[in-house]
Amino acid sequence: MENRIDLAVAHRWTEVAEAEHEPDAVDLLAARLLAVADTCRSVTRDGDLEITSAAQFVQCAKVAERLAELEPVDPDLARRSYELREQVLTGRDFRWSDPARTAALGVAAVVVAFGGATLGGGEEDVAMVVVSAVLGSALLFATILTSRRPVWRTRAELVAPMVRRHGL
C-alpha cells in the first residue's frame, strides 16, 4: 500500500467482505460499498465527490457493478447508489476533445489516403498507393487516439482546480 487513502480503501473493501456474510443486510452492504466509492473519490470545495483519476474510476466501476445487483431499502442509499452508477456509466462514454481539430485532421487523413492512391493509380505506381494508404490510415488512427477522451477524464480536468482533497 502506498498511502493512507490506499489503506482506507483496502479497509473499506474488508468491511464490504464482512457485510457480504450478513444475512438480509442489503442496506449495510450498500452503505459499505458506497463508503468505498466515497473514500477513493476526490472532494471538491463544494463537497461534491468527483472521479479524478483512472484508479478512482476503476474502484468506482467495481462498486457500481456490485451496487447494480442490490436494491437498498433506505431511500438515501438507493439515491446515492443510482447517482454513482450513473456517474460511472456516463464516465465510460467518450467525447472528442477538440471537434474542429479532429474533423480537420480526419479530412486531411482521407485526402492523403485517397489522393495518394488516385495519383499512384494514375501513374501505375503501386508503392505510392500503398504508402499513401498507410500514411492516411496512420494519420486517422493517431487523430482518433489523441482526440477521443473518456468523459470522466474530461470532467476531472474541469474540476481539478476545485479539488480540496484528492482521492486515489
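The values are calculated or read from the model by the stated rules, or taken from the named source; none is laboratory data. Since the structure is predicted, the reported quantities are computational estimates derived from the model, not experimental observations. For neighbour counting, all protein chains shown are included, and Cβ atoms are generated from backbone atoms with ideal geometry for every residue, glycine included. Heavy atoms of the whole protein, side chains included, go into the accessibility calculation; ligands, DNA and RNA do not. Shrake-Rupley method; radii C 1.70, N 1.55, O 1.52, S 1.80 Å.
Scan the stretch 75-87 and give yes if some residue there is among the charged types (D, E, K, R), in a helix (DSSP H, G or I) and farther than 21 Å from Val151 by Cα, otherwise no. Within the stretch 75-87, one or more residues are among the charged types (D, E, K, R), in a helix (DSSP H, G or I) and farther than 21 Å from Val151 by Cα.
On the given criteria, is Phe57 in contact (Cβ under 8 Å) with a residue 24 or more places away in the chain and open to solvent by 50 Å² or more (accessible area, probe 1.4 Å)? Here the answer is no, as Phe57 does not meet what is asked.
Among helices (runs of 4 or more DSSP H) entirely within the stretch 95-168, having at least 3 residues that are out of contact with any Lys or Arg (no Cβ under 7 Å at 6 or more places or on another chain) and among the β-branched types (Val, Ile, Thr) singles out 99-122, 126-147. In this structure, does Ser42 turn out to be open to solvent by 60 Å² or more (accessible area, probe 1.4 Å) and either in contact with a strand residue (DSSP E or B) (Cβ under 7 Å, 6 or more places away or on another chain) or closer than 26 Å to Arg4 by Cβ (or both)? For Ser42, the condition - open to solvent by 60 Å² or more (accessible area, probe 1.4 Å) and either in contact with a strand residue (DSSP E or B) (Cβ under 7 Å, 6 or more places away or on another chain) or closer than 26 Å to Arg4 by Cβ (or both) - is not met.
What residue, of Gly167, Gly116, Gly121, is open to solvent by less than 60 Å² (accessible area, probe 1.4 Å) and either under 30 Å from Asp46 (Cβ atoms) or β-branched (Val, Ile, Thr) (or both)? Gly167 is the lone residue from the list that is open to solvent by less than 60 Å² (accessible area, probe 1.4 Å) and either under 30 Å from Asp46 (Cβ atoms) or β-branched (Val, Ile, Thr) (or both).
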